[in-house]
Every structure is written in structure tokens, then in C-alpha cells.
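Participant: Sending over a structure as C-alpha cells; questions will come in a sec.
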Amino acid sequence: MPSARRGSRVVLAVGTLLGLATLAWLWATQPEALGVNFRVYRVAADAMLASGDPYAVHPVGEPAYRYVYPPGTLPLFVPYTLLPASVGFALHTLTAVVAGGVLTRVVGRTVARRGHALTRLDHALVFGFVTVSPVAVPSLFYGNVNLQLAALVAVGVDRVDDGARSGGVLAVPAVLKAFPAVFLAVPVRYAATWRDRLRAVGAASGVAVLVFGGGLLAFGPAATRAWLAALAAREGRGAGRIPPGADLVTLRRPLSQLLADAPLVVATLAVLLLVPPALYLLVTADVDQRHLAALGVGLATLLALPSYPLYYVLVFGMAVPLLYLVEGPARPAVLVGTLLLTLHVTGAELTWLFAAVGTTPPAVVETLFAFATPPLVGALLLLGACVVGVTGEQVLPYSAPHRPGERRE
């Protein structure tokens, strides 16, 4: 474990430092974007309170930023309307930092169950990585809710011993962003008994009914139609050939270079290529390996969609423990994959870097970035490591007792 910690600490420290550099770059180049997503939530809640259309409003000077969550989620952001904007944003940022603490606690507990408790240094490095790495820090800067949702995903995957709690917790990110619904497969697959699995489904269904049904009753069908229209308007991203500078981490990137005029074929191929490893992980991994299965399913889903890099923070609760737990041939893929996932460089940043030294990127480099960026390679390496990890004895076994209710297969 000591040698394993060394590599893990290097990855976490480098990721944290890169994240701090990213934060400084965002602050220097986009000061007007600070808290823009928070301002979206606030103006949408204001519009709801004024009986207006929350999907038609946007922050001053930012017409591209609009509310895209279901109407039933608007009450979550009403408290911010009662505070001055600066105070509300500070409070919102604090909740994101607390979410980073929750993620750190889940990571520490996951590693400790295998008899390898993290030191204070490890906890500090994990907290820095999950909170301010290049994947996480945009959520702090723009003021969106990805870190809070990542904490919920981590807790839901960790607590499969309590089916109802796991299902209810995982349903919250699912109703907000839809794609995290795939994580509900974890309690359905790994809860100890069929009763617990049904409770997970029931709790998740209850949250969905509360949000969607409550929104329909409270705000009427017009608000739901406006929400669906807002979602449809966002689905255009990733269509056609994805340019090298596009800020998307998706398997559609290389496929779109080959099939630029067939976006439906590209989307279908991405799903067909990524469903098999996700299903394999769910079928093969036992309850001790559920973090591998959850990570693989989450990565496969994100890679199949036209996903922004900051969405990948939702898999941190499952990915970061592997830095300490994976041994054997899969370990280099985990270390390199995690590091590349944080190396947020697209063709646009590459052009800027070359311009800084008075030249342009070679054509071959631009072509490579058209097909794959470092985060895409990193995500694919992590997905491959998950498959290898469940195939052999790659993950350190549990050496601490299970909590009551968990089963071993």
C-alpha cells in the first residue's frame, strides 16, 4: 500500500494544482461568468414567485443561460431569492464545498473498509482533488450543482445496504439531470434482498412523482411543456462533426469525424459500443465491486452522450477510491486515466498555447485532437480498468466487516 499511495498522491496533487490553475485562468479570462449558473437558478425562482415563465428568463447579459431543470425543482432555489445575490452565491458555494467534504468522507470509508485507512494527508489530497480539480472547479466558479449531485451519487452507491435510502438519494440527481438515473441500477442490482431492491425502486419512484407530479400540479402543464422545449433546444450539441475546440468529452467525437452527416448513426453507434461493457460490469461485479460497476455504468453513459467535462465529477465518488484500491495490470490505467481526465485541453486551448509562443499547432496534432482529447482518453482508460478490475484479482478485497444487510457473493 505505501507504494500505491505514492502514485495516488501524485495524481491527486497534480489534479489539485491543475484545478487551481484552471480557477485562476477562469477568473482572469471570464470574470463576468462567475456564478452565472447560480444567477440562472435565482432568476428562474424569482420568475416562478412572480407567476412568470422561469424558462423564458435569463441573467442580465447572458441570454444563452436558462433554467433547464423540471418545474418541480424550482422550490429548491427559492431560498436564494430571499438573500442578496452575493450572499446567496457564497452560501451556494459553501454547499458545494461541503459536498466535496461528503465525497471525501465516502472515499475514505470505501478505502477503510478494505483495511487501509487514509491518512490526514490523503484526506486533504482527496478533498482538494474532488473539490478543485479541473473537472470540479468549473462547478464552483459557474455556481452549478454538479458537486452537490456528485455527493448524492456517492452516498447512494455507498449505502446499498439501505435500499430505500439509496434509491431516494440517487433519484435526486436523476430528476435534475436525467442521465444520473443510470446509477439507480446499483441498488436494484446490489441491495441485499428483493425487498430492499423494491424499496429502492419505490423510493426513487416517490421522488420522481413528487418532483414531476408536484411540478405539474403546482405550475400547470405549460411549465412542463416549456421545460421539455428547453431540453429539446439543448439536444443539438454534439450533432454533426465535433470540432477540435468543442468542450465535449464523448465517444461521439471520433465517430463524428467519420460520419459527420449521420448524427443519428453516430449516437446509435456510441450507445452500441458502450452498453456491452456497462452490462458486463453490472452482471459480473459482486457487491464488493459495486463501485467498479457504478463507475463503469456512469462513464459509459457520459461517453455515449455529448457530455461537458464538468459532468464527470459525478463519478468521483467511485473513481477516486480506485487510486488506492486497484493493483496489478489495471493500476497504470487507473492512474493515467484519472490524470488525463483532469487534463482539460481541447483544440482551442492547444491553439492558444501555440499562439503564446508565436506559432500554430501542426496539422497532425489538430487531427489527433479532432478524434480524441486527453479527458476522452482518460475516461476510456478508466472504463477499461473497470472491466479488467472485475475480471481478475485487481481490487484489494474487504478486510473489514460489512455493515449489516450487505451480502457477499
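The values are calculated or read from the model by the stated rules, or taken from the named source; none is laboratory data. None of the values given here were measured: they were computed from a predicted structure. All Cβ positions, even for glycine, are placed from backbone atoms using ideal geometry, and neighbour counts span all protein chains on display.
Participant: Can you pull out every residue in region 233-247 that is under 22 Å from the mean Cα position of the chain (by Cα) and either modelled with pLDDT of 90 or more or of a type in the set (Gly, Ala, Ser) (or both)?
Facilitator: Of everything in region 233-247, those that are under 22 Å from the mean Cα position of the chain (by Cα) and either modelled with pLDDT of 90 or more or of a type in the set (Gly, Ala, Ser) (or both) turn out to be Ala233, Gly236, Gly238, Ala239, Gly245, Ala246.
Participant: In region 323-340, is there at least one residue being over 20 Å from Ser256 (Cβ atoms) and modelled with pLDDT under 80?
Facilitator: Within region 323-340, not a single residue is over 20 Å from Ser256 (Cβ atoms) and modelled with pLDDT under 80.
Participant: When residues of region 29-60 are filtered for being under 26 Å from the mean Cα position of the chain (by Cα), hydroxyl-bearing (Ser, Thr, Tyr) and under 21 Å from Arg225 (Cβ atoms), how many remain?
Facilitator: Looking only at that region, the number is 2.
Participant: Mind counting the residues in region 84-141 that are among the aliphatic types (A, V, I, L, M) and surrounded by fewer than 18 Cβ atoms within 10 Å (Cβ to Cβ)?
Facilitator: 11
Participant: Still on this structure: Is there a residue in region 333-344 that is in a loop (DSSP other than H, G, I, E, B), without any contact (Cβ under 8 Å) to a residue 12 or more places away in the chain, of a type outside the set (Ser, Thr, Tyr) and not assigned by TED's automatic domain parsing to the domain that holds Thr119?
Facilitator: no
Participant: What do you reckon, is Glu32 in the same structural domain as Ala124 (by TED's automatic domain parsing), of a type in the set (D, E, K, R) and not in a loop (DSSP other than H, G, I, E, B)?
Facilitator: For Glu32, the condition - in the same structural domain as Ala124 (by TED's automatic domain parsing), of a type in the set (D, E, K, R) and not in a loop (DSSP other than H, G, I, E, B) - is met.
Participant: Exactly one of (1) within 18 Å of Leu176 (Cβ to Cβ); (2) in contact (Cβ under 8 Å) with a residue 60 or more places away in the chain is unmet by Leu76. Its number?
Facilitator: Unmet condition: (2).
Participant: Same structure again: So which residues in region 354-395 are modelled with pLDDT under 80, surrounded by fewer than 20 Cβ atoms within 10 Å (Cβ to Cβ) and in a loop (DSSP other than H, G, I, E, B), if there are any at all?
Facilitator: Hits for region 354-395 are Val357, Gly358, Thr359, Thr360, Pro361, Pro362, Gly392, Glu393.
Participant: Across region 53-92, which residue is farthest from Val137 (Cα to Cα) among those that are among the β-branched types (Val, Ile, Thr) and not in a helix (DSSP H, G or I)?
Facilitator: Only one residue fits best here, namely Val57.
Participant: With the condition kept exactly as written, say whether any residue in region 290-297 is assigned to a strand (DSSP E or B) and either touching a residue at least 24 places away in the same chain (Cβ under 8 Å) or hydroxyl-bearing (Ser, Thr, Tyr) (or both).
Facilitator: So far as region 290-297 goes, no, none of its residues is assigned to a strand (DSSP E or B) and either touching a residue at least 24 places away in the same chain (Cβ under 8 Å) or hydroxyl-bearing (Ser, Thr, Tyr) (or both).
Participant: Quick one: Val336 ticks every box in (1) surrounded by fewer than 20 Cβ atoms within 10 Å (Cβ to Cβ); (2) farther than 19 Å from Val14 by Cβ; (3) touching a helix residue (DSSP H, G or I) at 6+ places or on another chain (Cβ under 7 Å) bar one, so which box is it?
Facilitator: Unmet for Val336, out of (1) surrounded by fewer than 20 Cβ atoms within 10 Å (Cβ to Cβ); (2) farther than 19 Å from Val14 by Cβ; (3) touching a helix residue (DSSP H, G or I) at 6+ places or on another chain (Cβ under 7 Å): (2).
Participant: Identify all residues within region 35-47 that are part of a helix (DSSP H, G or I) and either surrounded by 18 or more Cβ atoms within 10 Å (Cβ to Cβ) or without any contact (Cβ under 8 Å) to a residue 12 or more places away in the chain (or both); write none if there are none.
Facilitator: Once the filter is applied, which keeps residues that are part of a helix (DSSP H, G or I) and either surrounded by 18 or more Cβ atoms within 10 Å (Cβ to Cβ) or without any contact (Cβ under 8 Å) to a residue 12 or more places away in the chain (or both), region 35-47 yields Val36, Asn37, Phe38, Arg39, Val40, Tyr41, Arg42, Val43, Ala44, Ala45, Ala47.
Participant: Follow-up. One residue is enough: does region 248-270 have a residue meeting the conditions outside any helix (DSSP H, G or I), in contact (Cβ under 8 Å) with a residue 24 or more places away in the chain and over 15 Å from Phe371 (Cβ atoms)?
Facilitator: No, region 248-270 contains no residue that is outside any helix (DSSP H, G or I), in contact (Cβ under 8 Å) with a residue 24 or more places away in the chain and over 15 Å from Phe371 (Cβ atoms).
Participant: Look through Pro79, Pro59 and report the one residue that is in the same structural domain as Phe219 (by TED's automatic domain parsing), over 19 Å from Val175 (Cα atoms) and either exposed (fewer than 15 other Cβ atoms within 10 Å of the Cβ) or among the β-branched types (Val, Ile, Thr) (or both).
Facilitator: Among Pro79, Pro59, only Pro79 is in the same structural domain as Phe219 (by TED's automatic domain parsing), over 19 Å from Val175 (Cα atoms) and either exposed (fewer than 15 other Cβ atoms within 10 Å of the Cβ) or among the β-branched types (Val, Ile, Thr) (or both).
Participant: Name the single residue, out of those in region 144-170 being touching a Gly at 6+ places or on another chain (Cβ under 8 Å) and closer than 20 Å to Tyr67 by Cα, that is surrounded by the fewest Cβ atoms within 10 Å (Cβ to Cβ).
Facilitator: Leu147
Participant: Follow-up. Output the residue which, of all residues in region 265-314 that are under 30 Å from Val97 (Cβ atoms) and more than 14 Å from the chain's Cα centre (by Cα), is surrounded by the fewest Cβ atoms within 10 Å (Cβ to Cβ).
Facilitator: The residue in question is Arg290.
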